[in-house]
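Here the structure comes first, spelled out in structure tokens, and everything after it is commentary.
The values are calculated or read from the model by the stated rules, or taken from the named source; none is laboratory data. Source: prediction; values computed, not measured. Every residue, glycine among them, receives a Cβ derived from its backbone with ideal geometry; neighbour counts consider all protein chains shown.
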Amino acid sequence: MKLQAYGQNAHEANSQAQEYINKLEDLISTTKNDSEIYKLNQSKEFPIEVSKECSVLLKYALNMSEISDGAFNPALYPITKMWGFTQDNYKIPSAGEIKEKITNCHTAEWASIKIEDNKITLLPGMQLDLGGIGKGYAGDQIIEIYKAYGIKSALIDLGGNIQLLGKKNNGSEWTIGIKNPFGQGTIGQIKASDQAIISSGGYERYFISEDGKKYIHIIDGQNGYPVDNEIEAVTVVGKSGAYCDALSTALFVMGLDKAIDLWKKQKDFDFIIVTKDKTVNITSSLSKRFTLNGDLAFQVKTIK
Ligand code: ADP
Ligand code: MG
């Protein structure tokens with residue numbers, strides 16, 4: 001995590017931001033056994049009252065499930081746990097185990113999560129994981145903290161998540177590199193200000209089984225298996241961190257064609273989707289701000 005803020009109150013604003021991140025982590029961690037999400041995930045009786053913050057974030061997550069037609073699914077914790085992604089003890093579950101668990105967190109089931117005031121009701125066997133949206137949401141809140149401290153220029157780097165407030169301190173736009181999902185370095189860079197630039201990649205967290213197959217930490221809620229499609233990495237660019245974070249995960253799950261359809265429908269984000277055939281699929285307005293590194297064997301396809 002790297003926080004870079006410019007202005008008179010930058011030091012204080014950064015300690016406030018740091019404190020906020022710790023507080024959010026204490027609310028939504030799936031592994032800390034006094035977090036609100038942990039309590040929800042362990043409970044047999046509902047409803048359970050949570051903080052305003054937790055309920056707002058969960059509502060936002062459910063809204064993203066709706067927008068993405070279930071590709072973003074915040075109820076996949078039983079599945080990510082079973083594959084060992086939560087504790088880095090990877091294993092391939094049996095088809096039977098997956099089938100049994102997926103019935104409780106299938107893509108269609110998120111709609112049955114109830115939120116009334118701050119009281120949450122989950123279906124039996126359902127467990128939440130806000131890991132696909134939490135960092136982006138945190139970034140949005142840090143931007144608000146910065147604004148309250150009068151800061152006009154900042155870069156928040158939460159690991160794969162970049163969020164920008166204003167332009168660089170010297171008045172020029174920020175240059176943000178897009179990671180090469182196949183190896184070292186970047187595939188290129190984009191110029192931006194006041195935006196969230198959020199990436200999801202199979203290269204972030206994965207394991208390789210004995211037979212050489214790669215399993216990534218993004219799960220397809222339709223079948224309970226790690227996503228295995230033509231996509232290697234997704235970057236989503238837009239105004240809100242939570243929105244772009246959830247979308248980066250969702251576009252990965254839905255695949256390139258559906259991602260393009262969603263982009264045409266929503267019209268309020270841009271993307272770079274790198275496919276396994278080394279094509280950089282980039283939406284037209286973003287392509288004007290993107291420079292490809294010439295020395296790599298990638299081809300660019302502009303999506304209109
Ligand atoms: P990262 O958090 O590594 O930057 P993502 O934003 O793509 O990457 O989030 C991946 C995390 O989201 C996973 O580690 C898991 O906690 C959660 N997750 C996995 N599959 C899904 C899904 N289909 N919908 C929502 N969240 C998911
Ligand atoms: Mg995400």
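Does the stretch 194-201 contain any residue that is of a type in the set (A, V, I, L, M, F, W, C), closer than 28 Å to Ile79 by Cα, touching a residue at least 60 places away in the same chain (Cβ under 8 Å) and surrounded by 13 or more Cβ atoms within 10 Å (Cβ to Cβ)? Yes: one or more hits. When the criteria are applied in full, Ser248 fails the requirement of being among the hydroxyl-bearing types (Ser, Thr, Tyr), surrounded by fewer than 19 Cβ atoms within 10 Å (Cβ to Cβ) and closer than 25 Å to Leu165 by Cβ. Taking every residue in the stretch 114-133 that is among the acidic types (Asp, Glu) and pairing it with any residue that is assigned to a strand (DSSP E or B), at least 6 positions away or on another chain, the pairs with Cβ-Cβ distances below 6 Å are Asp129/Leu76.
Residues are listed down the side, and each one gets a yes or a no for (1) within 16 Å of ligand 1 (Cβ to nearest atom); (2) at pLDDT 95 or above:
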| position | (1), (2) |
| --- | --- |
| Arg205 | yes, no |
| Glu210 | no, no |
| Ile218 | yes, yes |
| Gly221 | yes, no |
| Ala233 | yes, yes |
| Leu262 | yes, yes |
| Asp277 | no, yes |
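The test for being touching a Phe, Trp or Tyr at 6+ places or on another chain (Cβ under 8 Å), surrounded by 12 or more Cβ atoms within 10 Å (Cβ to Cβ), over 15 Å from Thr186 (Cβ atoms) and touching a residue at least 40 places away in the same chain (Cβ under 8 Å) holds for Val253.
Is it the case that Thr291 is among the β-branched types (Val, Ile, Thr), within 17 Å of Ile190 (Cβ to Cβ), modelled with pLDDT of 95 or more and surrounded by fewer than 20 Cβ atoms within 10 Å (Cβ to Cβ)? Judged against the criteria, Thr291 is a match. Please indicate, with yes or no, whether at least one residue in the stretch 167-180 is free of Cβ contacts under 8 Å to residues at least 24 places away in the same chain and under 20 Å from the mean Cα position of the chain (by Cα). Yes: one or more hits. Look at the stretch 274-301: where a residue is assigned to a helix (DSSP H, G or I) and a partner is exposed (fewer than 11 other Cβ atoms within 10 Å of the Cβ), sitting 6+ places away or on another chain with Cβ atoms under 6 Å, you get Ser284/Lys304. Considering only the stretch 25-45, I want to know if a residue exists there that is surrounded by 14 or more Cβ atoms within 10 Å (Cβ to Cβ), closer than 23 Å to Ile156 by Cα, among the β-branched types (Val, Ile, Thr) and modelled with pLDDT of 95 or more. Yes, the stretch 25-45 contains a residue that is surrounded by 14 or more Cβ atoms within 10 Å (Cβ to Cβ), closer than 23 Å to Ile156 by Cα, among the β-branched types (Val, Ile, Thr) and modelled with pLDDT of 95 or more. Would you call Ile120 outside any helix (DSSP H, G or I), within 14 Å of ligand 1 (Cβ to nearest atom) and either touching a Phe, Trp or Tyr at 6+ places or on another chain (Cβ under 9 Å) or at pLDDT 95 or above (or both)? The answer is no for Ile120. Pro93 passes every criterion in (1) surrounded by 12 or more Cβ atoms within 10 Å (Cβ to Cβ); (2) within 13 Å of ligand 1 (Cβ to nearest atom); (3) outside any helix (DSSP H, G or I) apart from (2).
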